[in-house]
Amino acid sequence: MPRKIAAGNWKMHGDAAALAEVDALLATFPNPTVDVVICPPATLIERMARHLDGSAIAVGGQTCHPATGGAHTGDISAAMLVDAGATHVILGHSERRADHGESSEQVRAQAQAALASGLGIIVCVGETEAERDADVTLEVVSGQIDGSIPDGVTGPGVVVAYEPVWAIGTGRVPTTEQIAEVHAAIRAQLVERFGEAGAKMPILYGGSVKPGNAAEIFAVANVDGALVGGASLKAADFSGIISALQTA
Ligand code: PGA
């Protein structure tokens, strides 16, 4: 069975005061039975990692540059994330693909760099509303997976997050049938490409996951957890999602 993961994507939210939310989460889940990862803005990674040092809650980045260093103003390398205390990194989020024009080819290079530095990767894929309406969801998602995940990856440190762009931050969620269809297709593709390793790669659902809909989503076949944006910012909300995953 793939590991179960509740990952929080804080996006461009959070300052020192927000670390109180992490303390509250830790108080609620001193020993979570699922993997819990929080990906804060880069400015908070090191402080959050210190807060969580020795705990079961991990810290991740939200992107990294493919190069190990150099003249890349504003960028952060995978090794720098590790140095700051991160163990994971989100790659190819639709907001990065849209805001920064990141292609699947670039995401693949980032993934190679991240894995070489020992980071677990959470590779995001998902269709736009226009693509769903045009009935090309499965083609889009499979093309992104093919392009974004490097050949020959093996470990459970490779995680896929299916995030329909139209469900992110909108309160709109696909039906459980729609989630099941895409997750089954992703699982089949991972197994075909990576064999046994592909069967163990967690596949997360992301897009408007809340405490109120988490249990229903986690009951869907091939859903191994969630990548959570807005509802990961408050310990009370994220706790409800972690609880639902623990009992799924
Ligand atoms: P949301 O974001 O939970 O706020 O919809 C999910 C994401 O973008 O990872």
- Query: When all C-alpha to C-alpha distances in region 23-131 are sorted into bins of 10 Å, what percent of pairs does each bin hold, rounded to whole numbers?
  - Reply: 15, 44, 29, 12, 1
- Net charge, His51 excluded, C-beta distance under 14 Å - Lys, Arg +1, Asp, Glu -1: -3
- Which whole-number value in Å² is the accessible area per residue of region 5-246, probe 1.4 Å? 41 Å²
- Any residue on another chain or 5+ positions along whose placed amide H is under 5 Å from the amide H of Gly206 is listed here as Tyr162, Glu163, Leu227
- Message: Under the rule of at least 5 residues apart or a separate chain, name every residue whose amide H is placed under 5 Å from the amide H of His65.
- Response: Ile76, Ser77, Ala78
- Item | Net charge of neighbours whose Cβ lies under 14 Å from the Cβ of Val223, counting Lys and Arg as +1 and Asp and Glu as -1 | -2
- Jot down the radius of gyration and Dmax of the chain, Cα atoms only, both in angstrom. 16.6, 48
- Message: If you filter region 144-248 for chymotrypsin sites (Phe, Trp or Tyr not before Pro), then keep DSSP loop positions with at most 12 other Cβ within 10 Å, what is left?
- Response: none
- Query: Using θ = phi - 60° and the Karplus form 6.51 cos²θ - 1.76 cosθ + 1.60, what ³J(HN,Hα) does each residue of region 149-158 get, whole Hz, x for Gly and Pro?
  - Reply: 9, x, 5, x, 6, 10, x, x, x, 9
- Item | Estimated translational D of region 1-83 in µm²/s (Stokes, Kirkwood radius over Cα pairs; 10 °C; 1.306 mPa s) | 115 µm²/s
- Query: Share of region 5-246's accessible area from carbon and sulfur, percent, 1.4 Å?
  - Reply: 53 percent
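The values are calculated or read from the model by the stated rules, or taken from the named source; none is laboratory data. Because the structure is predicted, anything quoted here is derived from the model rather than measured. Here the Cβ is made from the backbone with ideal geometry for all residues, glycine too, and neighbour counts use every protein chain on show. The area values use the complete protein model at the heavy-atom level, side chains included, leaving out ligands, DNA and RNA. Shrake-Rupley method; radii C 1.70, N 1.55, O 1.52, S 1.80 Å.
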